[in-house]
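> First the structure, then my questions, so here it is.
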Protein chains: 2
Amino acid sequence: MAKSWSFLDTVECNFRPLVVIELAKGTKEETIEWFTKRIVDKKGDGGAQLLIKPLVTENGHENIYLVGASHLRLLLGAETVGLVKECNDNSMRTFTYSSRKTFKDFADDNHNFLTMAECQYIIKHELENLRAKNEKMIPGYPQAKLYPGKSIVRRLLTSGILIQIFPLHDREELKKLRHSWYGRVKVGYQPLDDIRCYFGETIALYFGFLEYFTFALVPMAVIGIPYYVFAWEDYDKYVMFATFNLLWSTVILEVWKRICAILTYRWGTLLMKRQFEEPRSGFHGVLGINPVTGREEPVYSSLKRQLRIYLVSLPFVCLCLYFSLYVMMIYFDLEQWALDYHKENESNFSSLLLYVPSIIYAVVIEIMNRIYRYAAEFLTSWENHRLESSYQNHLILKVLVFNFLNCFASLFYIAFVLFDMKLLRQSLATLLITSQILNQFAESLLPYWLQKRHNKRMKKRVCSQKTDADMSLVEQVNMEKEMGTYLGTFDDYLELFLQFGYVSLFSCVYPLAAVFAVLNNITEIYSDALKMCRVYKRPFAEPTANIGVWQLAFETMSVISVVTNCMLIGMSPQVDALFPDSKIDLVLTVALVEHLLLAIKFIMAFVIPDKPRDIQMKLAKLEFESLEALKQQQMKLAAESLKE
Amino acid sequence: MAKSWSFLDTVECNFRPLVVIELAKGTKEETIEWFTKRIVDKKGDGGAQLLIKPLVTENGHENIYLVGASHLRLLLGAETVGLVKECNDNSMRTFTYSSRKTFKDFADDNHNFLTMAECQYIIKHELENLRAKNEKMIPGYPQAKLYPGKSIVRRLLTSGILIQIFPLHDREELKKLRHSWYGRVKVGYQPLDDIRCYFGETIALYFGFLEYFTFALVPMAVIGIPYYVFAWEDYDKYVMFATFNLLWSTVILEVWKRICAILTYRWGTLLMKRQFEEPRSGFHGVLGINPVTGREEPVYSSLKRQLRIYLVSLPFVCLCLYFSLYVMMIYFDLEQWALDYHKENESNFSSLLLYVPSIIYAVVIEIMNRIYRYAAEFLTSWENHRLESSYQNHLILKVLVFNFLNCFASLFYIAFVLFDMKLLRQSLATLLITSQILNQFAESLLPYWLQKRHNKRMKKRVCSQKTDADMSLVEQVNMEKEMGTYLGTFDDYLELFLQFGYVSLFSCVYPLAAVFAVLNNITEIYSDALKMCRVYKRPFAEPTANIGVWQLAFETMSVISVVTNCMLIGMSPQVDALFPDSKIDLVLTVALVEHLLLAIKFIMAFVIPDKPRDIQMKLAKLEFESLEALKQQQMKLAAESLKE
């Protein structure tokens, strides 16, 4: 084995480890040799042309490898993945190696031109694009089939030979980031650009959205406080508050698109071309020809998938929704029964019994949520989507609908069937506050505490055996490989989405909800930051230009909230009193107002441009330049052709 | 003068006239010489490198010029405008001269590779892109200022030196097209591909939409007939019809997008890259630097434009809408007064008087429409939009809103204020049928008759003076230059839009509307075809990928129609009878149904893909290929760099 590393040492004396590969214990020697050879092989020979080094401890190397790359290789990789960087003239352009001198801060010896997150992203991309040539299987594992063009890393992962690939933390940088992010108590914005440099665009955009959303809720909260303090119950004040809320929520969602464009333009992802998406690792089918690429790969009939979606998944989701509603009805029955029992035989036991239905319901909801999540993942996986993005969209849609119903069905029932505004306000407050506290605890603080305890134990064990100068790296790798994996921003966005629901759906009944949301989000920023920096493995950076399907989800929620708020206002006794003779006039007026508000919302969404004017200009300028370049080229050609 | 043409004759012995340029009588010789020189000049010297020939009659050449181009020049022009053509492997690709051999039907001696409409479009594009170099003004006309980069043709047009540029008809082709289009009575589709070859994509797409829309209305018409024949008045039948209509209208609009994608993919415009748009000819401002192109051109502050739009245009439009409503109220008062008069003193005179208000109202509406159209054009022009497209969008929006109100306000008033369903049905029928008959007459038949009379006179005059062998061309040019100019598809789409309103807004009251619409559209196809082939000058082809803002307009109409239909059904006595006790339940049920229908509409619009799967695949394939090409290029570069 050792000889294969020798040439590396001469090529690159200061090998900088970026990514860690952990193979299963007992992986066959021939497999390791083949895999590492493919990683270091020249591009022309179908390799990734990266550097790899086993992590040597006193017990041998334990099948853990460190991957790095030469500076030049990383620059060429940046071109392959289509990174967009700032030029000397402050415009953003797609990086190409031949035009490297025109980019800001570029120098042949400046190894910080690419951020560490970008380097790791490039290495991940190169590893994932390491494709089988003529191998029919992974050497040593005949059951792990390969076909020309199949991603080797994905096959190694699915066949269990490769346990994980993760990027290394940079202790120095992380310390600085932690300090500026949440290390000191301060009033101000998060260091979004630093977060982006360290964790990549997807995560930075989540924190950007969280921060923006918190600021956007402040006006609602400020206006909501006097309603609580002075116990305002006038009809016109409620209508004003609700109207303001509804229009405000449209404005903030539209403005977010603009802010998102500003951020992602600065980060370069707004201009990044979408890469061709490879099939996701779980995708299976008979070997065929992909009509787009013309390459051999598993093919699965789109009709079959549609049938599975509409004939199995859709009915299943509907059934689950029905079941969830059924459970809710049982809960209300239980509640009623406990109340009756308490009235009849009042005792300590009976007053305790009053809490039992709520507790049971909360537990059942939690269990249902978890079971449903597994079922949704199984079903979406069974639908056999070719692309990771379409898998994610279908999963998000399924989970979103169910969570929406689970969280809000009881509130809808209380509001529009029981007509009990007092109970609604009470339930809303309870649900909002308890869910916030539970979430923050379960999501960040508990894992943080567990991780800390685990780290201490690890450190003790490792320190006692210290033998090598390189120990700190070994220690770091061993610590990080045991950390949990951050599964993406899904749960974080879901939490915000449900919070937005609590704030906007019944805003005219409980104006204080925005206050709690703001308070929660301020601590949420800190606990999420803690989670990212301390609890989880460093995630790979994921370039992204927007928050994707969540924008749509939030917009849908804000449309639904127009309907619910109009209904609530229409049902309030104060409004009722305004139409003493004719209830029909009341209902018609409410319907009219609702339609007007919806129309205004759609017109506003249409009129407010999605990108600020200067970003539009910059994009137009880039487009113009590329058209001009094309034209110049054609002019030259034309002149030559006509001369002949 | 004559010497400048001499070299052309040697270059191209078979000069094929494609486009006619008519200069004002008495244009100065130096201007003509300069302009024609610029047209024939080499590309490298800033010319258009086209061929030009004066049209010689026995009276001299009367300032009419014929423009053509060599075959090679047209091919290079096709590359410049970015035409997309079919390749030998049946895929659509952007035409480039260097890859010309790979295109279907290409041969160096095949002059039909580009259609005549394409050649004319290329020449128009080249003429419009003929730009001033260092000229400060048009030679001979010091008041016609130029600056570097200003389009010469646009300045000539605005200063009145250039009267018109129009493409020539191809008598042979037109005859063939006429025959296959409307020459014989037949059942079948229009020859859309031939129309596209002759008139270009915008017009072909209009006829495609007209045909599709007619077919799409057939199911509504078929279902509507028995309602009329058997005088069905049951509640459930009406609800069924309305529900079907509402969902059907969503389906047809979504399916149209798919059909549109199929058509424009085949025609190549779906793949055509948007060219950088030059300022429209009426745009003015102080000379400045365009931030996008970096070139000198008039600049106008976007803020000023916004102020003009929101502070002047918007209030003006609102005022006009109010005025139109006011006129409508006067009409209803008059109507009532006439009715009262008729009741009191019944006589022949009084029964005639009953018609007077309607006639006056119809005339007033027509006058208001015309005045408003001028006002809208003036205002939109005064808003000083930089781009023709944004000018068009603002104009369309203004005219659309006003026309919508003018056409439907009285119907809304009858339906939702007077609650008179019988009158509604009657008014709807009258309005629909009279407007259809008037439109067809005013739009096609009258101009056709006028044109025919004019042509006969022209022919007589010209034939009596026949002197030249080239006479037929002279005759043709003289005839065509006097023909009216087709002002675009705006009025045709507007007519269809209003028709769609009549059919869908009150569909549950008057199911027969669809029948009339279908009948009208069948004759509309013929009369519009007649108009295009016989009445107007040949228009320049305009590549387009969709019907643009009209798609949005039709979709908005179909959303509004959900609201109106639900209200109408809710108001019908049959539904009323179902809720004898509680009118509130009725209103709530109707509102619920309405919201459900709207939700279904939006979900359907979201679920139905805008492009058929095979078109998606083909587009993905093209994108993949271009990504692959880029990657190959970078791989090569990488290999070289790493070798060094």
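> Of the numbered conditions (1) assigned to a loop (DSSP other than H, G, I, E, B); (2) surrounded by fewer than 17 Cβ atoms within 10 Å (Cβ to Cβ), A:Q306 satisfies every one except a single condition; which is it?
A:Q306 satisfies all of (1) assigned to a loop (DSSP other than H, G, I, E, B); (2) surrounded by fewer than 17 Cβ atoms within 10 Å (Cβ to Cβ) except (1).
> Could you list all residues from region A:159-210 that are within 15 Å of the chain's Cα centre (by Cα) and more than 22 Å from A:L271 (Cα to Cα)?
Keep residues of region A:159-210 that are within 15 Å of the chain's Cα centre (by Cα), which gives A:195-196, A:199-210.
Matches in region A:159-210: A:L210 only.
> Tell me which of these B:L210 doesn't satisfy, since it passes every other one: (1) touching a Pro at 6+ places or on another chain (Cβ under 9 Å); (2) in contact (Cβ under 8 Å) with a residue 24 or more places away in the chain.
(1)
> A further question follows. Can you pull out the residues in region B:393-417 that are without any contact (Cβ under 8 Å) to a residue 60 or more places away in the chain and either touching a Phe, Trp or Tyr at 6+ places or on another chain (Cβ under 6 Å) or open to solvent by 70 Å² or more (accessible area, probe 1.4 Å) (or both)?
Hit for region B:393-417 is B:V417, nothing else.
> Using the structure shown, decide if B:A599 is more than 10 Å from chain A (Cβ to nearest Cβ) and either within 19 Å of the chain's Cα centre (by Cα) or in a helix (DSSP H, G or I) (or both). Let's see the steps before the verdict.
Values: more than 10 Å from chain A (Cβ to nearest Cβ): no; either within 19 Å of the chain's Cα centre (by Cα) or in a helix (DSSP H, G or I) (or both): yes.
Considered against the rule, which asks whether it is more than 10 Å from chain A (Cβ to nearest Cβ) and either within 19 Å of the chain's Cα centre (by Cα) or in a helix (DSSP H, G or I) (or both), B:A599 comes out as no.
> Within the group B:E254, B:E277, which residue is within 14 Å of chain A (Cβ to nearest Cβ), under 21 Å from the mean Cα position of the chain (by Cα) and either of a type in the set (D, E) or closer than 30 Å to B:L217 by Cβ (or both)?
B:E277
> Could you list all residues from region A:99-115 that are in a helix (DSSP H, G or I) and within 18 Å of A:G77 (Cβ to Cβ)?
Passing the criteria: A:S99, A:R100.
> Any idea which of A:G570, A:G548 is more than 9 Å from every other protein chain (Cβ to nearest Cβ) and either polar (S, T, N, Q) or open to solvent by 20 Å² or more (accessible area, probe 1.4 Å) (or both)?
A:G548
> Mind checking which residues of region B:617-644 are closer than 24 Å to B:T269 by Cα and either at pLDDT 90 or above or not in a helix (DSSP H, G or I) (or both)?
Result: no residue meets the conditions.
> Here's something else I'd like to know. Could you list, in sequence order, the residues of region A:548-581 that are over 19 Å from A:P511 (Cβ atoms) and either among the basic types (K, R) or in contact with an Asp or Glu (Cβ under 7 Å, 6 or more places away or on another chain) (or both)? Can you show your working first?
Taking region A:548-581 first, the residues over 19 Å from A:P511 (Cβ atoms) are A:548-556, A:559, A:576-581.
Scanning region A:548-581 gives a single hit, A:F579.
> Report the residue count in region B:366-387 for those that are touching a Phe, Trp or Tyr at 6+ places or on another chain (Cβ under 9 Å) and either without any contact (Cβ under 8 Å) to a residue 60 or more places away in the chain or open to solvent by 30 Å² or more (accessible area, probe 1.4 Å) (or both).
Here is the first cut: in region B:366-387, the residues touching a Phe, Trp or Tyr at 6+ places or on another chain (Cβ under 9 Å) are B:368-369, B:372-373, B:375-376, B:379-381, B:383-387.
When the remaining residues are screened for being either without any contact (Cβ under 8 Å) to a residue 60 or more places away in the chain or open to solvent by 30 Å² or more (accessible area, probe 1.4 Å) (or both), the result is B:368-369, B:372-373, B:375-376, B:381, B:386-387.
Residues flagged as touching a Phe, Trp or Tyr at 6+ places or on another chain (Cβ under 9 Å) and either without any contact (Cβ under 8 Å) to a residue 60 or more places away in the chain or open to solvent by 30 Å² or more (accessible area, probe 1.4 Å) (or both) within region B:366-387 amount to 9.
> Please go through region A:150-183 and pick out each residue that is touching a residue at least 60 places away in the same chain (Cβ under 8 Å) and of a type in the set (A, V, I, L, M).
Passing the criteria: A:I152, A:L156, A:L157, A:I161, A:L162, A:I163, A:I165, A:L168, A:L174, A:L177.
> Here's another thing I want to ask about it. So the check is Cβ under 8 Å with 6+ separation or different chains; which pairs have a first residue in region A:574-591 that's touching a residue at least 40 places away in the same chain (Cβ under 8 Å) and under 14 Å from A:V239 (Cα atoms) and a second one that's of a type in the set (D, E, K, R) and surrounded by fewer than 12 Cβ atoms within 10 Å (Cβ to Cβ)?
The qualifying pairs are A:Q574/A:E233; A:Q574/A:D234.
> May I ask you to say which residue of A:V67, A:V40, A:V84, A:V56 is farther than 20 Å from A:W267 by Cα, in contact (Cβ under 8 Å) with a residue 60 or more places away in the chain and either in contact with a strand residue (DSSP E or B) (Cβ under 7 Å, 6 or more places away or on another chain) or open to solvent by less than 20 Å² (accessible area, probe 1.4 Å) (or both)?
Values: A:V40 fails: in contact (Cβ under 8 Å) with a residue 60 or more places away in the chain; A:V84 fails: farther than 20 Å from A:W267 by Cα; A:V56 fails: either in contact with a strand residue (DSSP E or B) (Cβ under 7 Å, 6 or more places away or on another chain) or open to solvent by less than 20 Å² (accessible area, probe 1.4 Å) (or both).
None of the other options fit; the residue is A:V67.
> Testing B:P511 on (1) within 14 Å of another protein chain (Cβ to nearest Cβ); (2) not in a helix (DSSP H, G or I), one condition comes back false. Which one is that?
Condition (1) is where B:P511 drops out.
> Scan region A:35-55 residue by residue and report those that are more than 35 Å from the chain's Cα centre (by Cα) and more than 14 Å from every other protein chain (Cβ to nearest Cβ).
none
> Here are the criteria: (1) farther than 30 Å from A:I437 by Cβ; (2) under 16 Å from the mean Cα position of the chain (by Cα). Tell me which single one A:I547 does not satisfy.
(1)
> Out of the residues in region B:208-246 meeting the condition of being closer than 28 Å to B:I525 by Cα and open to solvent by 80 Å² or more (accessible area, probe 1.4 Å), tell me which one is modelled with the highest pLDDT.
Just the residues of region B:208-246 that are closer than 28 Å to B:I525 by Cα, to begin with: B:208-229, B:241-242, B:244-246.
Imposing the further condition that a residue be open to solvent by 80 Å² or more (accessible area, probe 1.4 Å) reduces the set to B:215, B:222, B:228-229.
On the way: B:F215: 92, B:V222: 89, B:Y228: 79, B:V229: 83.
Step by step, filter region B:208-246, then rank; the result is B:F215.
> Is it true that A:I600 is surrounded by fewer than 20 Cβ atoms within 10 Å (Cβ to Cβ) and touching a residue at least 40 places away in the same chain (Cβ under 8 Å)?
Yes; evaluated as a whole, the condition is true for this residue.
> Can you tell me which residues in region B:603-633 are surrounded by 14 or more Cβ atoms within 10 Å (Cβ to Cβ), over 24 Å from B:N90 (Cα atoms) and within 11 Å of chain A (Cβ to nearest Cβ)?
Matches in region B:603-633: B:K631 only.
The values are calculated or read from the model by the stated rules, or taken from the named source; none is laboratory data. Note that the structure is predicted; figures quoted are calculated from it, not measured. Here Cβ is always computed from backbone atoms with ideal geometry, including for glycine, and neighbour counts include all displayed protein chains. Heavy atoms of the whole protein, side chains included, go into the accessibility calculation; ligands, DNA and RNA do not. Shrake-Rupley method; radii C 1.70, N 1.55, O 1.52, S 1.80 Å.
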